[in-house]
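Below is one structure. I have some questions about it.
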Amino acid sequence: MTSDAIRERNRANAMKSTGPRTAAGKAIVAGNARRHGATSRPDPSAVDTWLGIILDKPDISPAELLPGDERGFRALVLAEAEARLARCEQALIDFEGEPLTVDAHFQERLKTAEEFRQYMKSLDMTSMERKFAQFALRNVELNIAAEISAHQGHHRLLGRYLSEARAARRRAFAAWHASMIENEERQVA
């Protein structure tokens, strides 16, 4: 295929997007990333606390929040990475605190579906009524399975955010450590 044909095909496929189209739908989706706070900017007070720990200063001055040297900048980046990592860890802990109640909810719904199945067997129904009831029951079970899958997908997403935060922290720590070594070498020379 030529690049023009590929471009046209891609545009045609993009028009079939299943994303939200209404303003209300777009507003709902816009809040998805903020629901758990794992991807939001770190809390300034948490950054201040981490910066104080990194620089070994209990009180951080505004000048240290606007560093003029490499060491200060690297310390600030590391403090932000630490605060973001802490937020991601907390979001995952909060989410993992919920599954017992959510899983119990799903289990209760599945139990109710099974009870309904047993109740259906005791009824005197025509073949068509029985097929319709079984179809409706199967739909309920599929909806429950989809809800469980979505719940597990959210857990995987938070896990990914946590992995990304850990990687950012490792990079920030390596850069800060390199700036510390470089600073010591300059002082020795």
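The values are calculated or read from the model by the stated rules, or taken from the named source; none is laboratory data. Given the structure is predicted, the values throughout are model-derived calculations rather than measurements. So basically every Cβ, Gly included, is an ideal-geometry build from the backbone, and we count neighbours across all protein chains shown. Surface accessibility is based on the protein's heavy atoms, side chains included, excluding ligands, DNA and RNA. Shrake-Rupley method; radii C 1.70, N 1.55, O 1.52, S 1.80 Å.
Out of all the residues in the range 147-179, which are surrounded by fewer than 13 Cβ atoms within 10 Å (Cβ to Cβ), more than 9 Å from the chain's Cα centre (by Cα) and at pLDDT below 85?
Of everything in the range 147-179, those that are surrounded by fewer than 13 Cβ atoms within 10 Å (Cβ to Cβ), more than 9 Å from the chain's Cα centre (by Cα) and at pLDDT below 85 turn out to be Ser149, Ala150, Gln152, Gly153.
Any residue in the range 167-189 that is within 13 Å of Glu70 (Cβ to Cβ) and of a type in the set (S, T, N, Q) sitting within a Cβ distance under 7 Å of a residue that is open to solvent by 50 Å² or more (accessible area, probe 1.4 Å) and assigned to a helix (DSSP H, G or I)? List the pairs, counting only those 6 or more apart or interchain.
Listed pairs, sorted by first residue: Ser179/Glu70; Ser179/Arg71; Ser179/Arg74; Asn183/Arg71.
Restricting attention to helices (runs of 4 or more DSSP H) lying wholly within the range 40-98, give those where 1 or more residues are closer than 16 Å to Arg170 by Cα and either open to solvent by less than 70 Å² (accessible area, probe 1.4 Å) or small (Gly, Ala, Ser) (or both).
Once the helices (runs of 4 or more DSSP H) in the range 40-98 are filtered for at least 1 residues that are closer than 16 Å to Arg170 by Cα and either open to solvent by less than 70 Å² (accessible area, probe 1.4 Å) or small (Gly, Ala, Ser) (or both), what remains is 44-55, 70-97.
Let me ask something else. Suppose we keep only residues that are of a type in the set (Phe, Trp, Tyr) and under 13 Å from Val140 (Cβ atoms) within the range 104-128. Which one would you say is modelled with the lowest pLDDT?
Looking at residues that are of a type in the set (Phe, Trp, Tyr) and under 13 Å from Val140 (Cβ atoms), I get Phe106.
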